[in-house]
Structures are given as structure tokens and as C-alpha cells.
Amino acid sequence: MLSNWHAEDAAVILRAVNSSKIGLSEAEAALRLANNGPNALPEPPPPSTLKRFIRQFHNVLIYVLLGATAITLMLQHYVDAVVIFAVVLINAIIGYVQEGKAESALASLRHMLAPTAVVLRSGNRIEVPAEKLVVGDIVLLEPGARIPADVRLLTCHNLQVQEAVLTGESEAVSKQTEPVAVNTPLGSRASMAYLGTWVTTGQAQGVVVATGTATEFGEIGVMLTEVTRLTTPLVVQTARFSKWLTLIILALALLLLIYASLLELLPFAELFMVMVSLAVAAIPEGLPAVMTITLAVGVQAMARRNAIVRHLPSIETLGAVSVICTDKTGTLTRNEMVVTAVVIADEQFDVTGEGYNPAGEISDVNAIETDPVLQQLARVAVLCNDAELQQQEDNWAVSGDPMEGALVVLAAKIGCSAEHARKQWRRDDLRPFDAEYRYMATLNHSHDGQGFVHVKGAPEQVLSMCSQQQMLHDIQPLNLNYWQQKAEHMAQQGLRVLALAQRRIEPDTVLLDSSDGLENLVLLGLVGIVDPPRAEAVLAVKECQQAGIGVKMITGDHPGTARSIAQQVGIINTDKVLTGADLDKLNDQQFNAVLATTDVFARTSPAHKLRLVKALQAQQHIVAMTGDGVNDAPALKRADVGIVMGIRGSEAAKQAADVVLTDDNFASIVAAVRQGRTVYDNLKKVISWDIPTSVGESMTIIVALLMSMALPITPVQLLWVNLVTAITLGLTLAFEPTEAYSMQRPPRQRSEPLLRASLVWHIVLVSVLFMVGIFGIFQYALGQGYTLDLARSLALNTAVVLEIFHLFFIRNIYGTSLTLHSLRGTRPLWIAVVLIVLAQAAVTYVPALQKLLGTAAIGWRDGLLVLAIGVALLLVVEAEKQVRIRLFNWRL
């Protein structure tokens, strides 16, 4: 096997890898894959189970609780120590399980985002997972594609590759097929394309010469990509908040301990246990874990709705999106293009048929055989084209660009077989389509020596390259006004318009030359292609508008086409459509002004997309931008949330984006925004439930202590409440569904603080209500002459019931909690409630647990009273919420 691939001729390379220009057979490729293994770099080994478990204790909150456990053991309060450590252990187990699920989710993410490669197998163009490439495969490279292995180039057309990830060179480098010297440095090996680099422009074919660990990446041990760790700004903010809250709680507990000791309110050992219990109850040790689980649940929900989140912080941002800048083709439309109209110099034809099925008719069937212009147009349609039509059982599909697939189908309806035409006319040179010059050109020669340049592209571009037009029997000067009117009329009907032209050249011409072969073309005609809007996109746009989210279409299509589709999907401002040329004439002030009244932008370039994103962000909008090409990467990175199309998106765009849509559907973008709002709402619910309940229970003990009263709940009972409810009930909020009116309120501000004034008020209100409820039942029991243990049992069960009813309230922070649907709850909620009720029944009625926790059996009448206090809490806070929202529009 050779080693200096860059220094050898292509023919030598092909012999060395035992391959040919038509590629390997499927059988040979499978054999090589089995012998040499997949084209993948080894993943680092996961951390050991023990290390993962120990890592769960690395938290300042846990350190405090472990310290409390040690001190409690020294004071010989063994039951208390066991309960405190149980809190720590349960939190660690939940964190351990969650991290395992997170790692599994990330592994699935890597698999779902694994790149693919287009190869030739026995001369057929197919798409395969990059990991299944083998040495000898012939790979086809196009703009935006990731180089899937180390490749020796066989043919090149204006190929440039970005190799910064491998060589550190910031500029894209030009490639060639000629060998270079053996001692040429890696960054100058122009005949090679290496794994992990990106095609920026041009096209090429190459043979795979190294895969996996044998590539340059594999040899130097560099991993191409790393998945972002499961952390978000909100989680960091919450962890910081928890630490400060812990320090405040410890400081207050210390001051209270000193105060109570000086007054000798209780023996020091008992008083110390009270302080430990208060600290354990008040410290939200499970809050960061529950919030991280909430985010992980959101990621999985988005994946089920075809939106893969690559960067976890974008989940929070998705919920705050105020403008979505979307492409048209394939996102708002089906991306199943069909030619419905053909215009030539002296006639217009309608074309029938659906999808990519070649069954269909031209309106004038007789013209197919008698009109040579149609035949020539069909020939250009298949030769200036890289798509292939494939029949899969009863369905027809296209391998390649959908628009080019529509042209192949049109040619078939005219009677021109793409397979036959491509055998009759060899391709000698190619100028691939590029957004900069907006046309594609091929140089073809027939077996009998004829040579033609074939061109297709945007009408205004191709018309500028034409000087003549093909008539039925002769060639005449171009009637520019006629064609411009026809193109405009077709575009206004919502059709994407392409112009097709050709020019005869000398038989010995083998290279395209813009100064010769691409000028003075003969125009054959225009084709109108329809891409109908998705039905679900219409509903999704309406949902965005109800949610206060602006939708702006940014497309490279004709203004008329863009306007027609925008009107069909319900985008608001469609009377005024600005083109890229219009935008170039505007200064920044004018540009910002038109954004408020313009929602459709046509004939735009990637630079225009970037400018639009920056302008919207300058107006304090949170922008989601969709894209699919390598040139969209700057706009995707600049946007608050970059969303790339998973089906047609380039690998470069996928790496720049935050979210990958596996179905390229606008409705999935809206679903992701809805899920982002749901995740943020659920995070807010966790905070709004956890802190008030913890503070309320702690205040009960503090007030009783300061007033020299008997404690309504003992330290060990308080630890028990924290053990069974603090994480269990809060965790159920991670699985809450989207609230009914989630997409009918304006986007939140990204700078919204964690503790808003309304939440502080809620903490105060609920804390007071908890204290009143627990104190009230305790004093009632003592007034009835109940024993102290029975009175405390009632207070203990009241605290748990209040937490449960507060949970039912907090599930609906925007709507009402007093509906059958709201009270029905979710499956995780009822599982948690049932488990906690059973646990409370056990400590209340099982003798051994009664002795352990100092409880006593409760009669059914008192049990109903405890339940009534929970109902009262729900009614009071619900009434307060309705008054707060309706009169003051003050939400948590």
C-alpha cells in the first residue's frame, strides 16, 4: 500500500487501492468494511461507574449535609443521621441515573448527526453513512460537504476546502488533481482532501485512501467534534442562587443557635438538632438536579418532534424567540417540486402529474414529437443536471436536488430518458451552481463529435447571457421583453422559474470559458416549478403570530414566487417584497426602518441573511435563523438560535447550528419553540414550588422556637418530610405538558431574573399560609387535649398535604388550577402522590415507625380536617392568582 498518496498519479492510486472510476461493488465494499472496520475514530472511554457516582457528591450543598450527618452521629442522634444521609443518598442516586440517561441521549445525538457521504458503487450514485466508507470508494464532493475520509482527488472543478480544523490555515485552499512533491507539507497537499475538513466551493470526485484511525486525524489523535456538556446558563444561575441561599440559611441557623443557647430555650444538643433539621429542610439540595432533569426531558421531547438540540443552552433561548427567519423551500413548502408550465418562444404548455412520478402529460401531446425546441429543452434539463430518478416500490424519489429532480421528471414526460441521454452525451466540464452567479453550466459532447454548452439558472441571469432564442424552425434575436414578462407572470403565480439555454461549440473544446462558451447563448425556454406549501406550516405560522413571534421569509427565489408562497402560508406583510438588490441600496437606518413593515425577502445572499439577523438583534429581538448551506453558517452562528435543515443541510451548517431539524419542516421549528417555553415554564414551576414550601416549613419551627412554644414538628419529622417530598414531588414537574395558553402569550425577555417580584411575593404568601396551616392544626390538636405525639402527627401530615396541594396549584401558573383537566394531573404526578401517601400512612399507623418518628395514629375525622386544610390552601392561592393576573397582569 502506498503512503505518499499526494505524490502519485490518479491511475497509480486507483490501482493501488484496487478500484476504478465507477467505484467498488456493494459486495466488495461490504467485504472491505468487515475486514478493516468502520470509518470512525475511537471514542474516549466513559468514566467508571464508581467515579460517576462519587461525582454526584461534589456540590457545596451536599458537603453541608454530609457535615451535618457527621456531627449528628457524634451527638449519637443515629436516626437523625440516617435520615439526613438518606436525603443525600437519594439525591446522588437520582443524579447518577440522570447523568447516565444524559450520556445515552448524547450518544444517540452523535448517531443521529453522523455525516453521510455520496459515493459511486458500480457506477451508481448512492448515499451511505460516512462510517461505512472503505478504501477504494469513489466519493463525490459538493459545496458544504464534510470530507468523510482521507481522499485523493481524481477530478476537480473550482474546488476549495476549509482545512483550518486540521492545519490552522484560516483561508480556504484551492485543490487540484495533479500530484505534488513527496515532501510537501500537509497544508499544501493540493491533490488531497482530508477527513474533517469542509468543501466551501466547487465539486470534485476522489478515491478514499484512508479511513478511521489511518487518516491524518486518526494518526494525530484529534477528535473532530465535541458535544457540549449538559449545562445551561439557567442551571448555572440556579446553582449559584442555591449556594448563596445555603450560606444565608447556615448564617441564620448559626445566629438562631447562638440566640436560643443564650436564652437556654432548649438543651444544646436538642437545639443543635433543630438547627440541623432547619438547614436540611431549607436548603434546596435537589433543585439543580431536578432542573437539569427538566432540561434533559425537554431535549428528549424535542427529539421526538424532529428537533435535535446540539447545544443545551439553546433550549432556554428557544422559549424566548421573538422572530423566526425562515427559508422557503422545504421548510414552508413540501420540497417536492413539480414542473407545471413550460414556455418556449411561440407557445406555452401545461404539465400534469404529481411528485416525482414521471407519469403525466404535456397539454399539447402532439407537440412532443413535432416540436424540436421541446426535445432540446428536455436534453438540457437532464444533461445540465446531477439528480437521478429512482423508483422505490410504488414511490418515486430523487437522489440529488429536488429542483433538478423535477427537471428529470419533465424530460421523462417529454420522452427524453435521462439515462439514455447521459450515455449519448458525455460530460467534459462543469460549472456547478453557486449562489453568487446563480446558474449551472455543463460542456457535453456526443459520440458523433457534436459539442454543446448547456446552461440552466435564474431567468434574469441566464437572459443576460443569451443573445438569441430558439424558434420552431430557426434561431432569432432574443426578445428580452417577452421573456421578462413571461418570467414575471409565472413567478406571480407562485412558480419557481428557471431558464434553459444552450450553445453549439467546436468539437475540440473541452473546457468551459466564460469569455466564449458562456456568452451569446441561445435561449430555449422557461420552466415553472411549483413547490406547494405544507399544510402544517400554515397552522404553524398562525400559531407563531398568536404567540407574538414574527415570521420573516428569506429566500433566494423570485420575488413573485416568494410573495405567493408567503400569502398562502399566512405571513402578514406580503405587499412589499424586498430583494437583495433593494437591501444593498439601504443604509443602516433605512434598513432598520423597513424591517418593521417587511416580512418577505427574495433573491437574497448569505450576506443579506447575516445583515438581517444583526439588525433584528439590534432591535432587541431574539432571533431564530434557519439555513442549510455552508454559506449560511455565519448567520446561523450569529443568530440566538441557529436551526439547520437535517435532510438537505450541509455538514458545515449543522456544525454551526444549535438545533437540527430531521424533517426540514417549519412546523417542527414552532414545536421546538413551544417545547422551549414548556421547559422554561417547568423550570420556573420547580423553583416556585420548592422554595416556598421549604421556607414555610422552616418558618414554622423558627417561630415556635422564638416564642418558646412546643415545636409543631420535631427535627427528625422535618427531615422525614424533606426526604420523601423535596425531590420526589418536585421531580414530577419536569414532566409537565405544555400549558394551554403557552403559545398565546408574548415571548419572555431573555434578561428576565430568576427571582421576579411576583415570585418573591408568592414565596412570602405561601410560606405564611404553610405556617398558619401547620400551627393551626397543631394548636387545634392541643386544644382538644390530644397528646403531643398526635398533635405533631397532624402537623406532620398537614405539611405533606400542603405540599401536595401546592404542587397541584403550581402546575398551572398561567391558567386555572380548578378544572377537571388540571386536577387530573400526569402519570408521574400521581405515582409520586400515591407513593408519598403510602409512606405517610406507614409512619402514621405502623407501630415501629411511630416509635421511630414520634407519631401517633390519626382518626378519620382529623384526617378529613388535614385534607380540608390542603383544599383551603389551593383555593386561597388560586383566588389570589386570578386576582393578581386579571387585575394587575402579574404572573410568576
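The values are calculated or read from the model by the stated rules, or taken from the named source; none is laboratory data. Note that the coordinates shown come from a computational prediction; the quantities given were computed from them, not determined experimentally. With ideal geometry, Cβ positions are generated from the backbone for all residues, glycine too; neighbour counts draw on all protein chains shown.
Observations on the structure shown:
- Going through (1) assigned to a strand (DSSP E or B); (2) among the β-branched types (V, I, T); (3) more than 32 Å from the chain's Cα centre (by Cα) one by one, I529 falls short only on (3).
- Output for the range 443-464, where each listed residue is in a strand (DSSP E or B) and touching a helix residue (DSSP H, G or I) at 6+ places or on another chain (Cβ under 7 Å): N444, S446, H454, V455, K456
- Just so you know, in the range 84-128 the residues that are charged (D, E, K, R) and either at pLDDT below 70 or under 21 Å from Q56 (Cα atoms) (or both) include one that is surrounded by the fewest Cβ atoms within 10 Å (Cβ to Cβ), and it is R110.
- The residues on offer are L733, L719, L754, and the sole one that is among the aliphatic types (A, V, I, L, M) and in a loop (DSSP other than H, G, I, E, B) is L754.
- Note on the range 139-165: residues that are under 14 Å from T211 (Cβ atoms) and hydrophobic (A, V, I, L, M, F, W, C) amount to 4.
- Against the test of being in contact with a Leu (Cβ under 8 Å, 6 or more places away or on another chain) and either assigned to a helix (DSSP H, G or I) or farther than 30 Å from T678 by Cβ (or both), the options V883, V876 yield a single qualifying residue, V876.
- Selection of the range 546-563 for residues being in a loop (DSSP other than H, G, I, E, B) and either of a type in the set (D, E, K, R) or in the same structural domain as V462 (by TED's automatic domain parsing) (or both) yields only D557.
- Summed over the range 800-822, the residues that are surrounded by fewer than 15 Cβ atoms within 10 Å (Cβ to Cβ) and either more than 15 Å from K881 (Cβ to Cβ) or outside the structural domain of I869 (by TED's automatic domain parsing) (or both) give a count of 2.
- Odd one out for L511 among (1) at pLDDT 85 or above; (2) surrounded by fewer than 20 Cβ atoms within 10 Å (Cβ to Cβ); (3) among the hydrophobic types (A, V, I, L, M, F, W, C): (1)
- Taking the range 603-645 as the range and being more than 18 Å from A656 (Cα to Cα) and among the β-branched types (V, I, T) as the test, only T604 passes.
- Considering the range 564-681, the qualifying strands (runs of 3 or more DSSP E), each wholly inside and each with 3 or more residues that are buried (at least 22 other Cβ atoms within 10 Å of the Cβ), run over 600-602, 623-627, 641-645, 659-661.
- Meets criteria (in contact with a helix residue (DSSP H, G or I) (Cβ under 6 Å, 6 or more places away or on another chain), in the same structural domain as E878 (by TED's automatic domain parsing), in contact (Cβ under 8 Å) with a residue 40 or more places away in the chain and buried (at least 21 other Cβ atoms within 10 Å of the Cβ)) for L794: yes
- Q469 being surrounded by fewer than 16 Cβ atoms within 10 Å (Cβ to Cβ), touching a residue at least 60 places away in the same chain (Cβ under 8 Å) and part of a strand (DSSP E or B): no
- Figure legend. Inter-residue proximity from the range 538-558: first residues over 16 Å from L318 (Cα atoms), second residues hydroxyl-bearing (S, T, Y) and part of a helix (DSSP H, G or I), beta-carbon distance below 9 Å, spacing 6+ or different chains. Indicated pairs: T555/T561.
- Sub-7 Å Cβ pairs linking a first residue in the range 726-753 that is within 30 Å of V280 (Cβ to Cβ) to a second residue that is of a type in the set (F, W, Y) and modelled with pLDDT of 80 or more, at least 6 apart or interchain, are G730/W689; L733/W689, ordered by first then second residue.
- Single unsatisfied condition, A29 versus (1) assigned to a helix (DSSP H, G or I); (2) modelled with pLDDT under 75; (3) farther than 29 Å from E270 by Cβ; (4) touching an Asp or Glu at 6+ places or on another chain (Cβ under 8 Å): (2)
- Residues that are in contact with a Ser or Thr (Cβ under 9 Å, 6 or more places away or on another chain) and hydroxyl-bearing (S, T, Y), drawn from the range 756-785: S767
- Check on L794, within 41 Å of the chain's Cα centre (by Cα) and either in a helix (DSSP H, G or I) or within 27 Å of V79 (Cα to Cα) (or both): no
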